[in-house]
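In what follows, a single structure is set out as structure tokens and then discussed.
The values are calculated or read from the model by the stated rules, or taken from the named source; none is laboratory data. In this text, all values refer to a predicted model and were calculated from it rather than measured experimentally. Glycine also receives a Cβ, built like all others from the backbone with ideal geometry; neighbour counts cover every protein chain displayed.
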Ligand code: ZN
Ligand code: FE
């Protein structure tokens with residue numbers, strides 16, 4: 001089974017270390033030092049680095065980690081020219097086998113055009129990068145609201161008990177926004193209180209689940225691209 005460790009890096013990013021048996025991988029190393037410290041402390045040697053998209057806060061640790069451990073860097077074909085040291089390019093038709101786990105690539109244009117999410121099918125774990133956040137969605141730097149809406153539709157098709165690990169701790173602000181437009185949602189009100197308590201104790205609000213997002217994330221609850229755009233525009237000015 002897949003074992004995931006959350007590593008807070010930079011100001012509000014999360015990088016992840018996963019283990020499947022003896023195989024070790026890193027997701028979105030936005031800086032090297034805290035990741036190398038963790039690996040050394042736990043006597044781990046990474047085999048893979050998985051990248052969701054080309055932004056610096058997800059890739060800046062690659063060079064140092066790769067030169068130290070010589071691990072295989074996997075990233076989106078569409079952004080290969082923007083990501084240091086890619087060894088294996090992947091797109092939606094690809095499935096990776098990581099020590100017996102089927103990893104499905106889900107293309108999620110919107111935040112960037114080539115953004116991908118990694119879905120570990122056997123363990124039902126999604127690394128959603130800057131596409132899906134707890135109660136939120138990534139900013140539209142490259143794609144349109146329609147692109148992002150379609151990306152969300154793909155993610156919505158995953159099982160409710162999918163565990164979701166995203167790229168940032170934006171949960172409190174996201175909860176406030178969702179409450180501002182969906183204030184009668186009892187599940188949302190309850191979750192907003194829960195995440196506030198978690199943050200008061202300085203703990204990550206991650207992971208979330210697809211089922212919880214469907215109940216509380218305004219963007220996950222949209223039925224049309226127009227509705228999605230309306231909320232994305234409101235959130236930009238929130
Ligand atoms: Zn980003
Ligand atoms: Fe980011």
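A compact table of results
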{"quantity": "Flag if residue 172 is farther than 26 Å from residue 27 by Cα, more than 16 Å from ligand 2 (Cβ to nearest atom) and touching a helix residue (DSSP H, G or I) at 6+ places or on another chain (Cβ under 9 Å)", "calculated": "no"}
{"quantity": "Residue 197, sole failed condition from (1) under 22 Å from residue 111 (Cβ atoms); (2) exposed (fewer than 14 other Cβ atoms within 10 Å of the Cβ)", "calculated": "(1)"}
{"quantity": "Where a residue in region 33-59 is closer than 16 Å to residue 76 by Cβ and its partner, wherever it lies, is part of a loop (DSSP other than H, G, I, E, B) and away from ligand 1 (no atom under 16 Å from the Cβ), with Cβ under 7 Å and at least six apart", "calculated": "48/71; 49/71"}
{"quantity": "Which listed residue, of 132, 140, is in contact with a strand residue (DSSP E or B) (Cβ under 8 Å, 6 or more places away or on another chain) and either more than 15 Å from residue 228 (Cα to Cα) or within 16 Å of ligand 2 (Cβ to nearest atom) (or both)", "calculated": "132"}
{"quantity": "Residue in region 145-172 that is nearest to ligand 1 (Cβ to nearest atom), counting only those that are without any contact (Cβ under 8 Å) to a residue 40 or more places away in the chain and surrounded by fewer than 21 Cβ atoms within 10 Å (Cβ to Cβ)", "calculated": "147"}
{"quantity": "Every pair of residues 6+ apart whose Cβ atoms lie under 6 Å, when the first sits in region 108-119 and is part of a strand (DSSP E or B) while the second is at pLDDT below 95 and away from ligand 1 (no atom under 11 Å from the Cβ)", "calculated": "none"}
